[in-house]
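What follows is a single structure, written as structure tokens, with notes after it.
The values are calculated or read from the model by the stated rules, or taken from the named source; none is laboratory data. Here the structure is a predicted model, which means the values were calculated and not measured. Note: ideal-geometry Cβ built from the backbone for every residue, glycine included; neighbour counts use all protein chains shown. For the accessible areas, the whole protein counts, side chains as well, though only heavy atoms, and no ligand, DNA or RNA atoms are used. Shrake-Rupley method; radii C 1.70, N 1.55, O 1.52, S 1.80 Å.
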Amino acid sequence: MNRTERRKSMAERRPSTTYTPNVIPQLAGLEKPQNQYLEIDNCDVLILGTGLQESILASILAWQGSQVLHIDKNNYYGDSSCTLTIEQSKKWSNEVNQGKIPHFQEAKFEVFPGGNNQGFNSKDFGIDLTPKIMFCQSDLLTFLIKSRVYRYLEFQSLSNFHVFENDDFLQKINSTTKQDIFIDKSLSLMTKRNLMKFLKFVLIESNETYKEKIKNWINKPIQEFLKNEFKLEDPQINELVYAIGLSTKQDLNTKEALIRIKRFLSSFDIYGKFPCMVSKYGGPGELSQGFCRSSAVAGGIYKLNTKLADFDPELKIGHFDDGSHIKINEKVIISSSQIPHFLQSTYNQITHNLKKNYISRLTVIVNSSSNKFIQNNESSAVLVFPPFSLEINNTTTIQCLIQNHQSEICSKGTSIWYFSTTTNKDVKINQKILQFAFEKMFNKVKIDEPNLEIIYKLQYNQETYIANNLLNVFKPTIENNIILKSNNETSPLIFTSPPSGEISYDGIMTDVINCYSQITGDDNIDLDLDSSDEEDNKENEIQQYQPIDAVTGMPRKKSSVSGGIVGGGSSTNLGALNEHAIESSDEDEDEDEEMNVNDDDDDQHQPFGVHDMEL
Amino acid sequence: MSTQSGSNERFAQFKLVLLGESAVGKSSIVHRFVKNTFDDLRESTIGAAFLTQQITIPETQTTIKFEIWDTAGQERYKSLAPMYYRNANAALCVFDITNKSSFAKAQDWIKELKKQAPEGIVIAIVGNKSDLNDEREVEQEEIENYIQEQKSEGYDIINAECSAKTGDGVLTIFDKIGRALPVDEVIESNKSRQGGGISNRRTGGVDLSRPRRQQAGQTNSCC
């Protein structure tokens, strides 16, 4: 294959690059020798690792005309955010324990034969290493639509939320309207009234009233605010903070908690009576594949099972493990779990002072459809164990995503329970706590389903450089963010962080944009999609995606997308944190003292998607 | 996007994936089929997402819509994602009749398909560049032998030749595939799912292109 078959428009869009291969590097491949050659002797950006962030980045760069070479040391897509079969996860777990996968430790893989568990096929299961849920109002979703990657995916509604309380699992939220969000019929009239007052406050109250009300509470725990200002009681507070807010810790400050609560509430009624969605066949691993495909469609070159063996920073030549090489014109983006040996010390130096956060995960497959938790003909549910709700005195929230065969990640009659908890210290007891939570749940389900058994179990701990509240993604500095810290003029290498512990996709897009702007010096992502080949353009042209006002149900005006303290429109995800210093006791201790509620002016925050997302 | 229409007309949609060595003309065949054009300097990728094209089978009054996935070059280093094969109803394995090795490669892809693709997938092996018969390296007999061999293993593989350049035989391929697809099954299961649309859409799915409020509320939509 030769030059004439390349997309010329790509080269033209980027005049700084020339595509005149002289030396064609040889990359090992399964193809015949004459096809083992890369068609290029240089690329603009080399990306190591096909994790979600890297894959989105690859697609953006490719669509903008950059020549992207995207490789992965594994023979599958997804890197640390992949979706694995049972066999693959076994291999992965071994590799973790051999120290081959940085930032993952203490993996334990178990399958439980016997009983009626026979006949399960490894390939019928898709186990996500970092499962995530998608809020219906989020920047990544907007981008999925804009980039048309959503057409490779299928999303399913998620409306079942449960809270573990008083030794029982209570369904707190179900398919419902915003107004009926609190389904507990047994609530007193007074409590209901107080809740409605709070909902109205979060969703409708004007900026001034809002600011006035939270003025004295911003840095105080949300619990105190809800108790004092709205006379709410513990069960409702737990629901708001842990189920709706999906808060991972107890003493969350009022400001951040309200952003989280609003994120949930304003995601209702966009696509239906549910705030969240999950992607079928797997989460981030599936999205990664979609973005990689999109990148490939735009001319990105893909090669799995390939490692970078050496890199000459002077000549900017990268050598691969098969002896081939390529010139890299701009940057090399390196996933933290694919650090080549020769760069380990560089990486250690860069990450030396970065604060680590810790995530512990326990993933169990059981022979039950988990219909106790999953209702409304959905595929998934979320269950939370608030801090100190278990006898074992868990100091952090335990979140559990439950998915059954309807999500096509497990075979019929089974379901996957993904438990996780995040801490800012490496707490050895976390796996014990997760195990304890699992047993609670298991025993509870076993009452109704006496044949309940464990089929599979995978546990591991992981580290990330992303703060639990994503602050160093939304407010990145050269001190707190790995991307900014690693990028400098003398070196073309940029390192990315391992996946965060956040259960939603929030922060992903911002992380990508941070990286993109380090590469290009521009944070304006203008996707020039080539749609000329689409026969059914008209038929399938999506209705322009406009953020829907959570209260009125009317499309929001674009100019005021970030209304209110928590932002609005596509910024209603945690990106709203960006506008304000979020003081939390254990993170970023001394930052931004002139905390001022009045500094959030409507147009200050320009979330990704406001101007760039026009179709 | 109605799935059923009046009278006796029937409609079904299928996912078709392309496979084969680079440069055998996979994209060209599709473009000939979709747009009835051929570009000598065909670029090696196609546009966003995938292409679609419909055919009708007059005898059964059936309209078949193909959702066609190109490899987008990811086949070059065997880097096709599981997503590619998922829910594929048909596969078009293309080789170049003037290139013997591409025929061997097409057979490898069929092996791969048997491992990765859903059971019951309709497979077609197609020799492209029939306009270059003088330079033919793959003889009909060889192909026929392969087809028979597959048949003895229980695989009914559709065989055809075409020229994306002249357009000869292109439509026939899709017609053959269309007739081999389980149309009745899909229409039946769509009916039982209350007009579920695409064959592989199940319950609980969300159509991201249609925010609910907008759908119900405004009529000011785009054309």
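Kirkwood radius, region A:228-282, all distinct C-alpha pairs, inverse of mean reciprocal distance: 12.5 Å. Using θ = phi - 60° in the Karplus curve 6.51 cos²θ - 1.76 cosθ + 1.60, the 3J(HN,Hα) couplings for region A:500-512 round to 7, x, 4, 6, 9, 7, 4, x, 4, 4, 4, 4, 5 Hz; x is entered for Gly and Pro. Between chain B and chain A, the total buried accessible area stands at approximately 5900 Å², from heavy atoms with a 1.4 Å probe. Restricting the calculation to Cα atoms, every distinct pair contributes to the Kirkwood radius of region A:412-476, found to be 14.5 Å.
By the gyration tensor of its Cα atoms, with a ≥ b ≥ c the square roots of the eigenvalues, what is the shape of region A:49-91: rounded for a/c under 1.5, prolate for a/b over b/c, or oblate? In terms of gyration-tensor shape, prolate. Our coupling estimate for region A:209-220, obtained by passing each phi through the Karplus curve with A = 6.51, B = -1.76, C = 1.60 and θ = phi - 60°, is 4, 4, 4, 4, 5, 8, 3, 8, 10, 2, 9, 9 Hz, Gly and Pro reported as x. Listed peptides B:89-96, A:124-131, B:102-109 appear in the order B:89-96, A:124-131, B:102-109 once ranked by packing, highest mean of other Cβ atoms within 10 Å at the front.
So in region B:2-194, what percent of DSSP beta bridges are antiparallel if you round to the nearest 5? Of the beta bridges lying entirely in region B:2-194, close to 25 percent run antiparallel.
When the dipole is taken about the Cα centre of region B:2-194, and only Lys, Arg (+1) and Asp, Glu (-1) are charged at their Cβ, what size is it in debye, to the nearest 20? Write down the numbers at each step before the final one.
Working: 23 positive and 30 negative charges, 170 e Å.
Dipole about the Cα centre, nearest 20: 820 debye.
Pop the C-beta distance of A:Ile204 and A:Asn377 into the FRET formula with R0 = 35 Å and round what comes out to the nearest 0.05.
Step by step, r from the Cβ atoms, then E = 0.65.
In this structure, the amide hydrogen of A:Lys172, modeled 1.01 Å from its nitrogen in the peptide plane, lies closer than 5 angstrom to those of A:Phe161, A:His162, A:Val163, counting only residues at least 5 positions away or on a different chain. Residues of region A:286-307 whose accessible area (probe 1.4 Å, heavy atoms of protein chains only) drops by at least 50 Å² once all protein chains are present, relative to their chain alone: A:Gln289, A:Arg293, A:Val297.
For region B:2-194, calculate the relative contact order in percent as a whole number, restricting contacts to Cα pairs under 8 Å that are 6 or more residues apart.
Once normalised by length, the contact order is 25 percent.
Here are some pairs, A:Lys90/A:Lys425; A:Lys432/A:Lys457; B:Lys26/B:Lys129; which of them have Cα atoms lying more than 22 Å apart in this structure?
The pairs that break the limit, which is 22 Å between Cα atoms, are A:Lys90/A:Lys425.
Proximity of backbone amide H atoms, modeled 1.01 Å from N, is registered between B:Thr52 and A:Glu535, A:Asp536, B:Ile68 at under 5 Å, excluding neighbours fewer than 5 places apart on the same chain.
My understanding is that a pair violates if its Cα-Cα distance is over 27 Å; which of A:Lys172/A:Lys444; A:Lys132/A:Lys227; A:Lys73/A:Lys327 do that in this structure? Spell out each step's value before the answer.
Numbers: A:Lys172/A:Lys444 17 Å; A:Lys132/A:Lys227 31 Å; A:Lys73/A:Lys327 19 Å.
Table pairs above 27 Å Cα-Cα are A:Lys132/A:Lys227.
A Cβ-based charge dipole, computed about the Cα centre of region A:327-421 with Lys and Arg at +1 and Asp and Glu at -1, lands at about 280 debye.
Is the shape of region A:281-373 rounded, prolate or oblate, going by the alpha carbon gyration tensor and its root eigenvalues a ≥ b ≥ c, with a/c under 1.5 for rounded and a/b larger than b/c for prolate? Judged from the Cα gyration tensor, region A:281-373 comes out oblate (a/c at least 1.5, b/c at or above a/b). Given a Förster distance of 41 angstrom, what is the FRET efficiency for A:Phe112 paired with A:Val427, based on the Cβ-Cβ distance and rounded to 0.05? For R0 = 41 Å, the calculated efficiency reads 0.90. Within the accessible area of region A:285-407, the carbon and sulfur atoms contribute 45%, probe 1.4 Å, all protein chains present.
The GluC sites (Glu not before Pro) found in region A:348-446 that occupy coil by DSSP, while having at most 10 further C-beta atoms within 10 Å, are A:Glu391.
When the Cα gyration tensor is reduced to axis lengths a ≥ b ≥ c, the ratio a/c is 1.5 or higher for region B:2-194, and with a/b above b/c it is classed as prolate.
Loop-located GluC sites (Glu not before Pro) in region A:265-372 (DSSP state not H, G, I, E or B) with no more than 14 neighbouring Cβ atoms inside 10 Å: A:Glu314. How high is the FRET efficiency from A:Glu391 to A:Ser345, r the C-beta distance, R0 56 Å, rounded to 0.05? Computed FRET efficiency for A:Glu391 and A:Ser345: 0.80. Would you list which lysines come within 17 Å of B:Lys114, measuring only between C-alpha atoms, while excluding same-chain residues fewer than 8 positions from it? By straight Cα distance, B:Lys114 reaches A:Lys123, B:Lys15, B:Lys78, B:Lys105, B:Lys151. With Cα atoms as the point set, region B:77-158 shows a radius of gyration and Dmax of 13.3, 39 Å.
A cut-off of 5 Å between modelled amide H atoms, ignoring neighbours fewer than 5 places along the same chain, links A:Leu84 with A:Ile127, A:Asp128, A:Leu129. Computed from backbone phi with θ = phi - 60° and the Karplus coefficients 6.51, -1.76 and 1.60, the 3J(HN,Hα) list for region A:401-414 is 9, 10, 9, 10, 4, 5, 8, 6, 10, 8, 7, 4, x, 10 Hz; x is used for glycine and proline.
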